[in-house]
Each structure stands twice: as structure tokens, then as C-alpha cells.
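Here is the structure we will look at.
The values are calculated or read from the model by the stated rules, or taken from the named source; none is laboratory data. Owing to the predicted nature of the structure, the values given are computational and were not obtained by experimental measurement. Every residue, glycine as well, gets a Cβ built from its backbone with ideal geometry; the counts of neighbours run over all protein chains shown.
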Amino acid sequence: MKNTDLDFSFEQQYWNQGKKMVAGIDEVGRGPLAGPVVTCAVILSPECKLIEGVKDSKKIPKNKHPLLAKQLKGSGLRFAIGVGTVEQINELGIVGAIRNAINNCLANIDLYHQVIMDGLPFKEPLDISSPIDYIVKGDSKAYSIAAASIIAKDYRDCLMREIGEEFPDFEWEKNAGYGTRVHREAILKYGPTIHHRELFIRKLV
């Protein structure tokens, strides 16, 4: 493996404590002007197969995400996706929508002993009873968090390509809803769509 690739070393500390099911969580799509925010929880156990090339998804070329996501899904781990809709982002704010999406994806997983999550704690705790550790830059330290990020990115990119077919002028298949020049100019020219986040574009429009 390359030096930046991750292995199970971070999760091993929990496995050594008898916590064999570690849930790594990450979210993608916090900053775009359009589309939902997506969270993923990956349950990693010692029986899972190590996939080479897993690391901070921001350091992986976008065209490699689909293959890595497919390999991860076939490696024996379990995962669940949570979606914070544009409506929820507009109503609750981005943090509230992320929190709801995380609660939803964890609710779809029947067993985990420890949660580890990228970033800082929420002001309002998550609706879980298992212990949780927040890890700054966790997607560059923990395999399960990096895997969650890769799967979530691939899921969200596919979703943005799908909804972008109805609104080709915004080029969501290329920018995934982020505020590129083409995207911002299209908002000014054609106006916002039902997929735009009101809180994120109000200064622009």
C-alpha cells in the first residue's frame, strides 16, 4: 500500500476493547448550492477484507470513487446511507439536516458497539446509546470513516447526475451542485430550481 493508504490500525484499538463492530461515519455535500447532504455509516469488523487505496476521499481522483465504492461494498462491511433533503436544509440548517441524516442511517443498522465520526461534536447529541468519539480529520486517520466518505461521495455524485438530467444548464454532473462559475451564472440566468438550497443562494439571487 502507499503511505497515505489506510488500514485497520485505528479501529484495532476498539477491537482490542471488545468492541468488534465499529461504525465510521462521514458526510458529503455540506457546501454545495444545490442537492441534498448525504451521510454514510460503515460498520467495520475484523473479518472485513482490507481494500487497497482507501484514504481521505479528497485525495482520491473522482473517477476512481465508483470502483472503490464497489470494492468496499463487496469487502464484507455493512453500510447505510442517510439523506438530508433540500427541504430539511432550508428548514433546519445544514447542521440539523446532517444530524437527522446520521440518525436515520444509524437507525438502519442493527448492531454496532462504537461510533467514530469525522469532525467536531454536535451541540445537540445524536439519538444513539452507543459511545461516540469525534475525530478531527477522521477521514485521513480511520479506514471506516474514509470508506464511509467514499461510498457517500459516489452515492451523492450519482444522485446529482440523475437530477441534473432535468436541469442540464447547471452542469451538476460535473460540479455536483457546488458553486462553480457555470453553476452560479446559470442561477442568475434561469433562476433557482427546487433542488437549490435557499439559505445558500440568497446572497447570489
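Being free of Cβ contacts under 8 Å to residues at least 60 places away in the same chain, surrounded by 12 or more Cβ atoms within 10 Å (Cβ to Cβ) and closer than 18 Å to Gly31 by Cβ is the filter here; which residues of the stretch 180-191 pass it?
Passing the criteria: Thr180, Val182, Ala186.
Name the helices (runs of 4 or more DSSP H) wholly within the stretch 146-205 that hold at least 1 residues that are within 24 Å of Val54 (Cα to Cα)?
Qualifying helices (runs of 4 or more DSSP H): 172-175.
Among the residues of the stretch 142-153, is any in contact with a strand residue (DSSP E or B) (Cβ under 9 Å, 6 or more places away or on another chain), under 30 Å from Asn63 (Cα atoms), crowded, with 24+ Cβ neighbours inside 10 Å and among the basic types (Lys, Arg)?
Scanning the stretch 142-153 turns up at least one residue that is in contact with a strand residue (DSSP E or B) (Cβ under 9 Å, 6 or more places away or on another chain), under 30 Å from Asn63 (Cα atoms), crowded, with 24+ Cβ neighbours inside 10 Å and among the basic types (Lys, Arg).
Exactly one of these conditions fails for Ala23: (1) aliphatic (A, V, I, L, M); (2) modelled with pLDDT under 95; (3) surrounded by 14 or more Cβ atoms within 10 Å (Cβ to Cβ). Give me its number.
(2)
Go through the stretch 90-99 and give me each residue that's surrounded by 15 or more Cβ atoms within 10 Å (Cβ to Cβ) and in contact (Cβ under 8 Å) with a residue 40 or more places away in the chain.
Selection gives Asn90, Ile94, Ala97, Ile98.
Residue-wise test of (1) assigned to a helix (DSSP H, G or I); (2) out of contact with any Lys or Arg (no Cβ under 8 Å at 6 or more places or on another chain); (3) of a type in the set (Ser, Thr, Tyr).
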{"residue": "Gly18", "(1), (2), (3)": "no, yes, no"}
{"residue": "Glu27", "(1), (2), (3)": "no, yes, no"}
{"residue": "Gly31", "(1), (2), (3)": "no, yes, no"}
{"residue": "Cys40", "(1), (2), (3)": "no, yes, no"}
{"residue": "Val83", "(1), (2), (3)": "no, yes, no"}
{"residue": "Asn90", "(1), (2), (3)": "yes, no, no"}
{"residue": "Asn100", "(1), (2), (3)": "yes, yes, no"}
{"residue": "Leu106", "(1), (2), (3)": "yes, yes, no"}
{"residue": "Asp110", "(1), (2), (3)": "no, yes, no"}
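Which of the following residues is surrounded by fewer than 17 Cβ atoms within 10 Å (Cβ to Cβ), touching a Leu at 6+ places or on another chain (Cβ under 9 Å), within 19 Å of Ala23 (Cβ to Cβ) and touching a residue at least 12 places away in the same chain (Cβ under 8 Å): Ile102, Ile109, Ile128?
Being surrounded by fewer than 17 Cβ atoms within 10 Å (Cβ to Cβ), touching a Leu at 6+ places or on another chain (Cβ under 9 Å), within 19 Å of Ala23 (Cβ to Cβ) and touching a residue at least 12 places away in the same chain (Cβ under 8 Å) holds for just one of Ile102, Ile109, Ile128, which is Ile128.
Would you confirm whether or not the stretch 120-142 contains a residue that is within 20 Å of Pro66 (Cα to Cα), of a type outside the set (S, T, N, Q) and not in a loop (DSSP other than H, G, I, E, B)?
yes
Which of the following residues is in contact with a Gly (Cβ under 8 Å, 6 or more places away or on another chain), among the basic types (Lys, Arg) and within 23 Å of Leu199 (Cβ to Cβ): Arg156, Arg99?
Arg156 is the lone residue from the list that is in contact with a Gly (Cβ under 8 Å, 6 or more places away or on another chain), among the basic types (Lys, Arg) and within 23 Å of Leu199 (Cβ to Cβ).
Does Asn63 satisfy the criteria of being farther than 20 Å from Trp15 by Cβ, surrounded by 13 or more Cβ atoms within 10 Å (Cβ to Cβ), free of Cβ contacts under 8 Å to residues at least 24 places away in the same chain and of a type outside the set (A, V, I, L, M)?
So Asn63 fails the test.
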